[in-house]
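These notes are about the structure you will find just below.
The values are calculated or read from the model by the stated rules, or taken from the named source; none is laboratory data. In this text the structure is predicted, and so the values were computed from the model without any measurement. No Cβ is skipped: glycine too gets one built from the backbone with ideal geometry, and neighbour counts run over all protein chains shown. Just the protein is used for accessible areas: all its heavy atoms, side chains included, with ligands, DNA and RNA removed. Shrake-Rupley method; radii C 1.70, N 1.55, O 1.52, S 1.80 Å.
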Amino acid sequence: MRIDIVSCVPQMLAGPLEHSIVKRAQEKKIVEIFVHDLRDYADDKHRTVDDYPYGGAAGMVLKVEPVAKCIRALSAQRTYDHVVYTTPDGTLFNQALANRLSLAENILIFAGRYKGLDQRARDLFFTDEISIGDYVLSGGELPALVIADAVVRLVPGVLGDETSALSDSFQDGLLAPPVYTRPPVFEGLSVPEALLNGNHRQIDAWNDAQAYEKTRIRRPDLLIPPASNDTSL
Ligand code: ADE
C-alpha cells in the first residue's frame with residue numbers, strides 16, 4: 001500500500017510516522033508513506049495557498065489552483081483508489097471505513113486547513129470526505145494521521161500477531177474486554193479467576209461476556225443493528 005499525505009504544515013506529520021507500528025510497516029516495505037507540502041504547488045514567490053472567502057465570511061479558504069496542481073501531479077503517477085479530504089463536515093470515520101480503506105493499493109489524504117477548501121476543489125478531486133469526530137481541530141493533519149494509523153495496522157503483515165487487529169475494539173462490533181498481565185494480585189486486586197485456569201473455552205466465554213457488558217454500558221448504540229440503508233458499513 002502507498003499513502004500520500006498532502007498538507008500545508010507537513011512538519012506536523014513527520015514525527016508520528018517515524019514511530020511504532022506505522023514505522024515498522026514502512027521498514028517491512030508493506031506500506032510506503034509520502035508527505036507533500038501543498039506550498040510546493042503554489043505559483044507565487046510567497047507560496048500562497050489560501051485567500052479571502054467570497055461573501056465576506058471570517059477566515060481564509062484554501063485555493064483551488066494549488067490543490068488541483070498537486071492532486072493532478074500525484075494522480076499522473078499512479079491511480080488512487082481513494083482521494084480523501086479530511087474535514088469536520090465529512091462522513092464519520094469508523095472501523096468499517098478503516099477496513100475498507102485498508103484494501104486499497106494507493107490512498108491520497110489531503111489535510112484541510114483554515115476555514116475550508118474551495119468547494120470546486122472538493123467537487124472535482126475527492127472520492128471521500130472524512131471527519132474523525134464531532135469536534136473542530138485546527139487542521140486536517142491529526143485526522144490524516146489518525147486515518148493512516150487505523151488503516152496501516154489492518155494491512156496484512158503489519159501486525160506481528162495476525163489475530164490482534166481482529167481483537168481490537170469495534171472490529172466485531174463490540175468494545176474490547178479488559179486485559180490483565182502479571183502480577184496475579186496487585187494491592188489486593190486479583191486477576192479474574194476465569195483468565196487464570198488455562199481453559200480456552202471458558203476464557204473466550206468470559207471475554208465475550210465482558211465485551212458485551214462493557215458495550216451495553218458504554219456504547220449501547222453499537223448494539224442496535226444498522227438500518228438496511230446504512231452505507232457506512
Ligand atoms: N479538520 C478539523 N477538524 C476535523 C475533524 N474533526 N475531522 C477531520 N478533519 C478535521
All positions within region 17-52 that are within 12 Å of Leu145 (Cβ to Cβ) and open to solvent by less than 30 Å² (accessible area, probe 1.4 Å): Leu17, Val22, Ile33
Among the residues of region 192-201, are any open to solvent by 70 Å² or more (accessible area, probe 1.4 Å), aliphatic (A, V, I, L, M) and either more than 19 Å from Gln171 (Cα to Cα) or touching a Lys or Arg at 6+ places or on another chain (Cβ under 9 Å) (or both)? yes
Whether any residue in region 110-133 is in a loop (DSSP other than H, G, I, E, B), of a type in the set (A, V, I, L, M, F, W, C) and either within 9 Å of the ligand (Cβ to nearest atom) or open to solvent by less than 20 Å² (accessible area, probe 1.4 Å) (or both) is what I want to check. yes
Residues that are open to solvent by 20 Å² or more (accessible area, probe 1.4 Å) and either part of a loop (DSSP other than H, G, I, E, B) or touching a residue at least 60 places away in the same chain (Cβ under 8 Å) (or both), drawn from region 2-16: Arg2, Val9, Pro10, Met12, Pro16
How many of the residues making up region 134-161 are of a type in the set (D, E, K, R), in contact with a helix residue (DSSP H, G or I) (Cβ under 7 Å, 6 or more places away or on another chain) and within 13 Å of the ligand (Cβ to nearest atom)? 1
Listed by first then second residue, the pairs whose first member lies in region 118-135 and is under 12 Å from Thr87 (Cα atoms), whose partner is modelled with pLDDT under 95 and surrounded by 19 or more Cβ atoms within 10 Å (Cβ to Cβ), with beta carbons under 9 Å and at least 6 positions apart or on separate chains, are Arg122/Gly116
